[in-house]
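As structure tokens, the structure follows; a few thoughts come after it.
The values are calculated or read from the model by the stated rules, or taken from the named source; none is laboratory data. Remember, predicted model here, so these are calculated numbers, not experimental data. Glycine gets a Cβ as well: all are built from the backbone with ideal geometry, and neighbour counts include every protein chain shown. What goes into the accessible areas is simple: the full protein's heavy atoms, side chains included, and nothing from ligands, DNA or RNA. Shrake-Rupley method; radii C 1.70, N 1.55, O 1.52, S 1.80 Å.
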Amino acid sequence: MAVTGTRPDRTDEGGGDDEHGGERDGERGVGSGREGLRTVAGRAVRASGAALAELVGGLGTAVPALALLLLLAVAAVTAPLGAGLLLAAPLLRALHALAGRERERLGRHGPEVVAPDPAPPVRLRLALADPTTRRELHWLARHGTVGLLLGLAGFLLPLSAVRDTAFPLYWRFMPMDMTATSFGYGVAHSWAEAFAVCAFGIGSTAVILGLTPGMARLQADPGRRLLAAGPDQDLSLRVAELTATRAAALDAHATELRRIERALHDGTQNRLVSVTVLLGAARRQVARDPSRADEILERAQSAAEQALAELRTVSRSILPPVLDDRGLAGALSGLAADCPVPCRIDVDAPERCAASAEATAYFVVAEALTNVAKHSGARSVTVAVRARGGRLRLTVADDGRGGAEEAGGSGLTGIRRRIAAHDGTLRLASPPGGPTTLEVDLPSGS
Ligand SMILES: Nc1ncnc2c1ncn2[C@@H]1O[C@H](COP(=O)(O)OP(=O)(O)O)[C@@H](O)[C@H]1O
Ligand SMILES: [Mg+2]
């Protein structure tokens with residue numbers, strides 16, 4: 001078994017705040033104004049940092065957007081010669097793929113940008129009449145030009161601000177013509193001028209802090225408006241899909257409650273009833289026969305211990321504490337170690353996932369490995385987990401006899417319900433004779 005990849009440790013931000021809580025309370029009387037200023041400044045720096053990251057990240061789609069824009073122009077010019085027509089389908093495919101990447105990127109920085117349904121066409125005649133393609137072309141023109149410039153500004157502005165602010169540290173060592181400010185105003189000949197450049201750098205830092213959130217919004221705006229389903233799009237399919245997954249979520253919830261209720265009723269409650277009966281019997285025996293009473297008390301104690309153990313099992317099955325203690329990779333390694341069939345785990349999860357997504361992944365792998373042990377006759381099984389781009393993808397593959405069917409039991413149906421409740425998908429490939437592969441894709445909620 002090999003566990004590769006890492007998952008960043010959970011950082012408990014709440015805990016960190018608590019640690020300094022006392023100190024802050026002490027200061028509150030004297031320096032609450034200073035504290036407030038510091039919080040505001042901290043918030044501005046964080047917002048500006050996030051906006052800069054978003055702007056620079058936007059270059060990842062803006063540079064290909066400009067290239068695609070130029071290629072489309074070449075195709076349009078050469079269309080009468082026929083060459084442009086040949087290029088149309090691959091370029092349209094590239095346009096849809098790039099628009100998809102931008103939707104994913106925007107979804108990471110804010111609310112999800114829901115792709116229009118159905119997928120846009122790649123045949124030129126259909127594409128020219130297709131509103132989605134027209135909106136994507138409109139976006140391409142905006143993002144490949146204005147978006148690209150904003151991204152470049154987001155990349156260069158902080159560099160020039162740092163260069164100018166640190167100017168007094170190095171201006172003496174620079175050749176004369178390189179001692180101008182980043183924006184080329186004036187040349188420093190004296191210390192006073194060098195500090196003026198530094199002041200200019202501090203000023204541009206303040207401007208960056210103030211402007212970048214707006215710039216990031218401006219860069220994202222065409223994508224958010226033009227790549228989402230437009231008002232002319234039929235969203236009824238998506239609404240129907242969400243209604244179904246909502247029903248599945250409620251159903252999965254009710255099933256889970258019923259399971260917990262049964263486990264408490266049949267297990268823990270029964271044991272506690274016998275504890276009370278045994279205690280009653282012990283009380284009656286105390287005066288008459290103390291040694292018999294002691295025997296009954298011992299039985300009552302063991303029944304109480306069993307009730308406790310069952311209660312612990314039930315609470316663990318609600319949200320396995322191992323996920324909190326060891327993270328997804330550690331929890332899955334635990335499952336693999338308990339699996340009687342040799343199991344290889346490969347976890348690549350640099351992004352932190354929501355607790356509910358991790359719990360779903362855990363229960364899916366637990367059920368899949370139980371099935372492999374119970375039904376497959378496999379010699380080995382591999383579990384692969386990838387958490388990237390806001391999606392959590394899981395694959396469980398065994399080399400057993402195959403023939404897995406949802407209709408054959410309740411485990412796979414339960415998995416499908418759980419996944420549907422997360423708006424994810426499940427694919428099961430298990431031809432008779434094997435192998436069996438179970439693929440799951442869900443939003444990681446990160
Ligand atoms: N990995 C597997 N290899 C072969 N058969 C499988 C596998 N997983 C499931 N099955 C078959 O599919 C049926 C349905 O599985 P499941 O819904 O988990 O029900 P259960 O495990 O409760 O029988 C099983 O009864 C079994 O026959
Ligand atoms: Mg099963």
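Worth pointing out:
- Residue check for Leu308: of a type in the set (A, V, I, L, M) and out of contact with any strand residue (DSSP E or B) (no Cβ under 7 Å at 6 or more places or on another chain): yes
- In a residue-by-residue description of region 401-421, the property of being open to solvent by less than 30 Å² (accessible area, probe 1.4 Å), within 14 Å of ligand 1 (Cβ to nearest atom) and not in a helix (DSSP H, G or I) applies to at least one position.
- Scan of region 420-435 for residues that are over 15 Å from Val385 (Cα atoms) and either within 12 Å of ligand 2 (Cβ to nearest atom) or among the aliphatic types (A, V, I, L, M) (or both), ordered by number: Ala420, Ala421, Leu428, Ala429
- Within region 112-121, the presence of at least one residue that is modelled with pLDDT of 80 or more, under 24 Å from the mean Cα position of the chain (by Cα) and open to solvent by less than 50 Å² (accessible area, probe 1.4 Å) is confirmed.
- Residues in region 354-368 that are open to solvent by 10 Å² or more (accessible area, probe 1.4 Å) and either in a loop (DSSP other than H, G, I, E, B) or more than 8 Å from ligand 1 (Cβ to nearest atom) (or both): Ala354, Ala355, Ser356, Tyr362, Phe363, Ala366.
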